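Reading through the structure tokens given below for one structure.
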Amino acid sequence: MAVSAAARQGTDDLLRQIFAGCPPREAAGAQPARERRIAFAGGARDWRVKREGAAFRIEGDRVERLASGIDWDSPDASAYFQRQLIRTGIEGELRALGAKEGDTVRIGSLEMEWSERAEDE
């Protein structure tokens, strides 16, 4: 097939032949927006808890990323974060270091007050 892109000769015929040779496929519909979650899978202990004066500091990339992405105005999100602290052993480490009601706990740039009662109580 002779084609001249500069003179635009034969290009329409070429395109028709190309599309005729391609099998039809379904048009991609609009995909629903997927919720992004930070995976907090178990594995190696990649965090640490230390005293910082009268306060406590939790360090670790994943836990800091998780804390920065939580909607702290949402009781469900706060409860989810608390469950992750329990599941990973961070809460136990805080208790072992002597954390008590009203103590300050820092994670990244966040500063929180330690509470002994669950958020959903």
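So that you can scan it fast, the table gives a plain yes or no per residue for (1) on the phi > 0 side of the Ramachandran plot; (2) not β-branched (Val, Ile, Thr):
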site: GLU59; (1), (2): no, yes
site: VAL63; (1), (2): no, no
site: ASP76; (1), (2): no, yes
site: THR88; (1), (2): no, no
site: ALA99; (1), (2): no, yes
site: ASP103; (1), (2): no, yes
site: GLY108; (1), (2): yes, yes
Can you name the residue in segment 75-108 that is over 16 Å from ARG48 (Cα atoms) and surrounded by fewer than 12 Cβ atoms within 10 Å (Cβ to Cβ) and, of all such residues, is nearest to the chain's Cα centre (by Cα)? ASP76
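Conditions (1) part of a loop (DSSP other than H, G, I, E, B); (2) at pLDDT 85 or above; (3) more than 30 Å from THR88 (Cβ to Cβ), marked per residue:
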| residue | (1), (2), (3) |
| --- | --- |
| MET1 | yes, no, yes |
| LEU14 | no, yes, yes |
| ARG37 | yes, no, no |
| GLY43 | yes, no, no |
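In this structure, does ALA28 turn out to be at pLDDT 90 or above, at negative phi and loosely packed, with under 11 Cβ neighbours inside 10 Å?
On the way: at pLDDT 90 or above: no; at negative phi: yes; loosely packed, with under 11 Cβ neighbours inside 10 Å: yes.
No, not satisfied.
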Pick from segment 60-74, criterion closer than 17 Å to TRP114 by Cα, free of Cβ contacts under 8 Å to residues at least 40 places away in the same chain and of a type outside the set (Phe, Trp, Tyr), ranking: surrounded by the fewest Cβ atoms within 10 Å (Cβ to Cβ): ASP73
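The values are calculated or read from the model by the stated rules, or taken from the named source; none is laboratory data. Computed from a predicted structure; not experimentally measured. We place every Cβ from the backbone using ideal geometry, glycine too, and count neighbours over all the protein chains shown.
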